[in-house]
Amino acid sequence: MTEYLSYADVSRETGASEAVLRNRLARRRQTRPGSSPDPTTIPEPDLHIGQSPAWKRSTIQPFIDAFSKGTPNPKYPSKSITREAKRQKDAELVKVHLPTIVERLSQGAKPSQAVEGLGLHWLSVLAVARHDADVSAAIQGTKDQ
């Protein structure tokens, strides 16, 4: 069975908000026919479910890879650099505060409470966990308790 990804799925995989993805799709539709899209241009959806677009994994994966790696957008090169710098900063903060986060989660704190006062957002912790096996294992270990 073919896997289709929604805005929410693509948002989770790229770290971009659904609004950013909607804007990129709207902008894509305003480009001239025949112009070569840059890697951060979201492809046309393979189908629509109601009014919601859906992409096959094979169609959207190049965009996810380019966007997640911070491939520079030719119009706004500084944004991708800033995005990568933020990811690195978040990864460092998560690793520094991981024992505190794990302790708070083990004591029954909600995820948003576990990162309170640490300069982090819970979604940043999840993004780091997606790419760091040690962080992922530590957080998963709190669910088992």
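The values are calculated or read from the model by the stated rules, or taken from the named source; none is laboratory data. These numbers were taken from a predicted model, which means no experiment stands behind them. So basically every Cβ, Gly included, is an ideal-geometry build from the backbone, and we count neighbours across all protein chains shown. Heads up: the accessible areas ignore ligands, DNA and RNA and are worked out on the full protein's heavy atoms, side chains in. Shrake-Rupley method; radii C 1.70, N 1.55, O 1.52, S 1.80 Å.
Restricting attention to region 62-81, the residues that are modelled with pLDDT of 55 or more, assigned to a helix (DSSP H, G or I) and surrounded by 15 or more Cβ atoms within 10 Å (Cβ to Cβ) total 5.
In this structure, Glu84 does not qualify as open to solvent by 80 Å² or more (accessible area, probe 1.4 Å), part of a helix (DSSP H, G or I) and either at pLDDT 90 or above or on the phi < 0 side of the Ramachandran plot (or both).
Residues that are at pLDDT 75 or above, crowded, with 16+ Cβ neighbours inside 10 Å and part of a loop (DSSP other than H, G, I, E, B) do occur in region 13-31.
Being part of a loop (DSSP other than H, G, I, E, B) and either open to solvent by 60 Å² or more (accessible area, probe 1.4 Å) or within 18 Å of Glu103 (Cα to Cα) (or both) is the filter here, so list the residues in region 119-139 that pass it. Let's see the steps before the verdict.
Start the filter on region 119-139 by keeping residues that are part of a loop (DSSP other than H, G, I, E, B), which leaves 119-121, 132.
Gly119, Leu120, His121, listed by residue number.
Open to solvent by less than 50 Å² (accessible area, probe 1.4 Å), more than 16 Å from the chain's Cα centre (by Cα), at pLDDT 85 or above and farther than 24 Å from Asp9 by Cα: is that true of Val96 in this structure? So Val96 does not fit the description; no.
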